[in-house]
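Undergrad: First the structure, which I've put down as structure tokens, then a few questions once you've had a look.
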Amino acid sequence: MSDNALRPRHPEKAHRPDQPVARKPSWIRVRAPVSKAHAETRGIVARHKLATVCEEAACPNIGECWAHKHATFMILGEICTRACAFCNVATGKPLPPDPQEPGRVAFAVKEMGLRHAVITSVDRDDLPDGGAGQFAAVITAIRNRSPETTIEVLTPDFRGKEGALEMVLEAGPDVFNHNLETVPGLYPAIRPGARYYHSLRLLERAKELRPEVFTKSGIMVGLGETREQILQVMDDMRCAGVEFITIGQYLQPTRKHAPVKRFYTPEEFRDLATAARSKGFLMVAASPLTRSSHNAGADFERLRRARAELAARA
């Protein structure tokens, strides 16, 4: 029986009233994926029976990334235990972790020749460790199969899962990423299953436990936040030791998701990037189409150089 046959055919969806979907401005529109490399990447992902956040979250950069054989692997299934108002991943009762998944991810990373691999997951509040053990197993499998590949993890908040963060960090990722997603005042409506200060403390604790690991976080704009609130989140991140911030435009996946309150212009993103750099971030990615994993490999190299230059000046 195939993996697809085992997946719930009708995962539960959060009940939300329909919201109008705003027309995207010209700077948001992207070309449909049509390249040969895109098809090859899709084939590798399908052959190894893997999920990617590129597909599950309907990422607008999928054409560009897959054309360059970049993909963000989403482990622990395609069903999330939470129902965030911004996310397009299905909500419901997930299957148990697949013990063969780490090996399949490692084979795909090797086959694609990835210099930098990004691993994320759905929220797994149903598991005692929140899925941390699977993250660690995937990191280890990639290290064994493709030791030259650097590894970035984009994890859930592991809320209430003692020892989960330590388990992931012990496996030795090069980048630890956990997105704050939005400003604290919008958490009840946008990220109801999470707590802002818990997520902030997770990032701070990661830096305390593994100072050599780069820490990264991101937010979406366009959900109703103010510029002052965004700047406060930047300050909070810096206090937690976060070195790399991503800022992108929120795009409403369906009528059942939170509506876009407004589209930020490219000029406004440049202004936010300038503000972030002035606050001391080593790396800033801010644009309408910026996503956590977009250009992650190239950004990692720039981040590594920035830290070396900072150390040289010290």
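Undergrad: Kindly provide the set of residues from region 212-233 that are within 17 Å of Glu152 (Cβ to Cβ) and either of a type outside the set (A, V, I, L, M) or in contact with a Ser or Thr (Cβ under 6 Å, 6 or more places away or on another chain) (or both), ordered by number.
TA: Across region 212-233, the qualifying residues are Glu212, Phe214, Thr215, Lys216, Ser217, Gly218.
Matching residues to (1) under 17 Å from Lys279 (Cα atoms); (2) of a type in the set (Phe, Trp, Tyr); (3) out of contact with any His (no Cβ under 8 Å at 6 or more places or on another chain):
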{"site": "Leu209", "(1), (2), (3)": "no, no, yes"}
{"site": "Ile219", "(1), (2), (3)": "yes, no, yes"}
{"site": "Val233", "(1), (2), (3)": "yes, no, yes"}
{"site": "Asp236", "(1), (2), (3)": "yes, no, yes"}
{"site": "Tyr250", "(1), (2), (3)": "no, yes, yes"}
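Undergrad: Is region 164-176 home to any residue that is buried (at least 19 other Cβ atoms within 10 Å of the Cβ), more than 20 Å from Thr246 (Cβ to Cβ), aromatic (Phe, Trp, Tyr) and at pLDDT 95 or above?
TA: no
Undergrad: Residues of region 233-289 being touching a Lys or Arg at 6+ places or on another chain (Cβ under 9 Å), part of a loop (DSSP other than H, G, I, E, B) and charged (D, E, K, R), which ones?
TA: Within region 233-289, Glu243, Arg255, Lys256, Lys279 meet the criteria.
Undergrad: Looking for something within 25 Å of Gly248 (Cα to Cα) and in a strand (DSSP E or B) - is there at least one such residue anywhere in region 87-105?
TA: Going through region 87-105, the residues within 25 Å of Gly248 (Cα to Cα) turn out to be 87-91.
Those still in the list that are in a strand (DSSP E or B) too: 90-91.
Yes, because at least one residue in region 87-105 is within 25 Å of Gly248 (Cα to Cα) and in a strand (DSSP E or B).
Undergrad: Evaluate region 192-209: report whether one residue or more is under 29 Å from Pro25 (Cβ atoms), buried (at least 22 other Cβ atoms within 10 Å of the Cβ) and hydrophobic (A, V, I, L, M, F, W, C).
TA: No - not one qualifying residue is present in region 192-209.
Undergrad: Turning to a different aspect of this structure: From Gly218, Gly185, Gly130, Gly224, grab the single residue that is part of a loop (DSSP other than H, G, I, E, B) and either in contact (Cβ under 8 Å) with a residue 40 or more places away in the chain or under 19 Å from the mean Cα position of the chain (by Cα) (or both). If you could, list the steps in order and put the result at the bottom.
TA: Details: Gly218 fails: part of a loop (DSSP other than H, G, I, E, B); Gly185 fails: part of a loop (DSSP other than H, G, I, E, B); Gly224 fails: either in contact (Cβ under 8 Å) with a residue 40 or more places away in the chain or under 19 Å from the mean Cα position of the chain (by Cα) (or both).
Just a single option satisfies the conditions, and that option is Gly130.
Undergrad: Ok, one more. From Leu169, Leu154, which residue is under 30 Å from Lys110 (Cβ atoms), among the hydrophobic types (A, V, I, L, M, F, W, C) and touching a residue at least 60 places away in the same chain (Cβ under 8 Å)?
TA: Numbers: Leu169 fails: touching a residue at least 60 places away in the same chain (Cβ under 8 Å).
From the options Leu169, Leu154, the qualifying one is Leu154.
Undergrad: Among the residues of region 251-281, what is the count of those that are crowded, with 18+ Cβ neighbours inside 10 Å and either over 18 Å from Leu231 (Cβ atoms) or of a type in the set (Gly, Ala, Ser) (or both)? Let's see the steps before the verdict.
TA: Taking region 251-281 and keeping what is crowded, with 18+ Cβ neighbours inside 10 Å, we get 251-252, 257-258, 260, 263-264, 269, 272-273, 276, 281.
Okay, now just the ones that are also either over 18 Å from Leu231 (Cβ atoms) or of a type in the set (Gly, Ala, Ser) (or both), so 251-252, 257-258, 260, 263, 273, 276.
Going through region 251-281 one residue at a time, the tally reaches 8.
Undergrad: Another question, then. Can you tell me which residue within region 285-305, out of those that are at pLDDT 90 or above and among the aliphatic types (A, V, I, L, M), is surrounded by the fewest Cβ atoms within 10 Å (Cβ to Cβ)?
TA: Ala285
The values are calculated or read from the model by the stated rules, or taken from the named source; none is laboratory data. Since the model is a prediction, treat every value here as computed from it, not as a measurement. Cβ: placed from backbone, ideal geometry, glycine included. Neighbour counts: every protein chain shown.
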